[in-house]
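Below is one structure, written out as structure tokens; the observations come after it.
Any read-out appearing in this document is the output of simple, stated calculations on the displayed coordinates, not a laboratory observation. All values derive from a computational prediction rather than experimental measurement. Note that we place each Cβ from the backbone using ideal geometry, even for glycine, and neighbour counts take in every protein chain shown.
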Amino acid sequence: MSKRILLIVSGGIAAYKSLELVRLLRREGIAVRAVMTQSAKQFVTPLSLGVLTEDHVYGDMFDLKEEREIGHIELSRQADLIVVAPATANILAKMAAGIADDLASTLLLATDKPVLTVPAMNVRMWHHKATQRNLAQLRADGIHVMEPDEGVMACNEWGRGRLPEPPAIVAEIKALLAVPRGLDPLADQPDFADEERVSRLAGKHVLVTAGPTHEPIDPVRYITNRSSGKQGFAIAAAAARAGARVTMVAGPVGLPTPTGVTRVDVETAREMLSAVETALPADVAIMVAAVADWRSADEAPRKLKKDGAGAPAPLELIENPDILAIIGASPHRPGLLIGFAAETNDVVPHAKAKLAKKGADWIVANDVSGDVMGGTHNAVHLVTAAGVESWSEMPKDAVAARLVEKIADALSE
């Protein structure tokens, strides 16, 4: 049977993106049935969604025809996955509190299927303590929460709260459904049980490093790089969704911890190495962190001051430990060791050299000369002993989902 999505569209300005989301899901061979809140109809018409889903669009809790033919209980359980996109602060609050005062919230309370929420709201609403408290409750309840994007809002404020682009949402949905790649998306696919969909890495321990490191020069300055940690966090989240026990060693970034991931926060390269060694043994290690290559030989105990003559402060640099090479030579080396290579030129040749030098099995290489570091998309080359596989640019969540699929395939072999 084809995979089936119940899409709940709530009333935010980002509701217009639900039309593109439906179009992309249908292209993947995923059937979509839509439910709209009353406020969502102020932004998108049921007719538009109905044309794209080729199905009736539901919205009225007390429509006798709907209740007789479908029923809100049956409707809540016919899908393989329920997706709330956009998920406003209001519907997130209802879900966290168990309120069922319209069709959408009643379906969410009545379902026994996995639920993915894709929040979208004003940045101040996103950071409000009530919203964050509701999100924590939803995660604790087993609801999948997709992190919103940063950017300019419809209200012209800037920050986190933008609905992720539809291709990124599709990648998240496919990861939760575990839709096999390479199959005809229009062909019938096995209707696996929910547990089987998300258990490809069940029983495996996956170790991930993410983010930058900060190497102190003095109490107020440090050496670092532009890594945001988004790609590493996305990979940790994808591995957890695939059923793995995930340990993530994270440099200093402000990203929320993905559901099901054990997080260890560090600051320096030496602290990261120690945390990685402590986390071993692992079946898979994915070294995504952009570790600073050098640190100050002597960290000044006080702030370095200008001398008034224009001479720079003396700064002697020494190399940091090469975490990937150390783990590659360790007696506790994971069975599958994956490194990342951020390059600005000769990306594939540098990655091939790194693969041979560091003792890794795979290198994921990308060109960071643009806005990749800190951005939402990535285009990577997977370099292995068998050759080079180049992936077109896609959201970082999609890169993560695809990499985790490759890892599951490799372990199954």
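At-a-glance table
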| item | result |
| --- | --- |
| Cα-projected label distance for residue 356 with residue 326, points at 7 Å along beta-carbon direction, nm | 2.6 |
| Listed residues 87, 34, 130, most fluctuating in the chain (Gaussian network, C-alpha, under 10 Å) | 130 |
| Choice from 296, 227, 76 showing the highest fluctuation, given a GNM over the chain with Cα pairs closer than 10 Å | 296 |
| Of 227, 259, 339, farthest towards positive along the dipole that unit charges on Lys, Arg, Asp, Glu beta carbons give region 199-412 | 259 |
| Within a Gaussian network of the chain (alpha carbon springs, distance under 10 Å), most fluctuating of 233, 340, 43 | 43 |
| Antiparallel %, DSSP beta bridges [both residues in the chain], to 5 | 35 |
| Around residue 16: net Lys/Arg minus Asp/Glu count, Cβ-Cβ under 15 Å | +2 |
| Centroid-to-centroid separation of region 24-46 and region 224-249 [C-alpha atoms, Å] | 30 |
| DSSP-loop GluC sites (Glu not before Pro) across region 201-305, with at most 14 other Cβ within 10 angstrom | 299 |
| Within the chain, longest stretch free of exposed trypsin sites (Lys or Arg not before Pro) [DSSP loop, at most 14 other beta carbons within 10 Å] | 1-180 |
| Residues of region 7-47 with amide N under 11 Å of the 7 Å Cα→Cβ point at residue 54 | 26-27, 29-32 |
| MRE, 222 nm, helices only [DSSP H, n ≥ 4, -39500 (n - 2.57), over the chain, to nearest 500] | -9500 deg cm²/dmol |
| Amide H partners (placed H, <5 Å) of residue 265, local residues excluded | 250 |
| Mean Kyte hydropathy of 0.0 or more with a Cα span along the axis of at least 20 Å, helices from DSSP in the chain | 396-412 |
| Which label in (1) 1.07; (2) 1.12; (3) 1.02 gives the computed Cα Rg over 2.2 N^0.38 Å | (1) |
| Theoretical gain in end-to-end length, residue 299 to residue 47 [0.36 nm per residue, Cα-Cα removed] | 84.3 nm |
| Restraint check, 3/41; 204/406; 17/396; 129/396, Cα-Cα greater than 24 Å | 3/41; 129/396 |
| At R0 = 56 Å, FRET efficiency that the Cβ-Cβ distance of residue 112 and residue 369 yields, to 0.05 | 0.70 |
| Potential lengthening between residue 101 and residue 271 on full extension [0.36 nm per residue; Cα-Cα distance subtracted] | 56.2 nm |
| Extension gain (nm, one decimal) between residue 2 and residue 132, 0.36 nm per residue minus Cα-Cα | 43.3 nm |
| Order of 147, 319, 343 - criterion: other Cβ atoms within 10 Å of each residue's Cβ, fewest first | 319, 343, 147 |
| Fewest-first ranking of 397, 218, using other Cβ atoms within 10 Å as the exposure measure | 218, 397 |
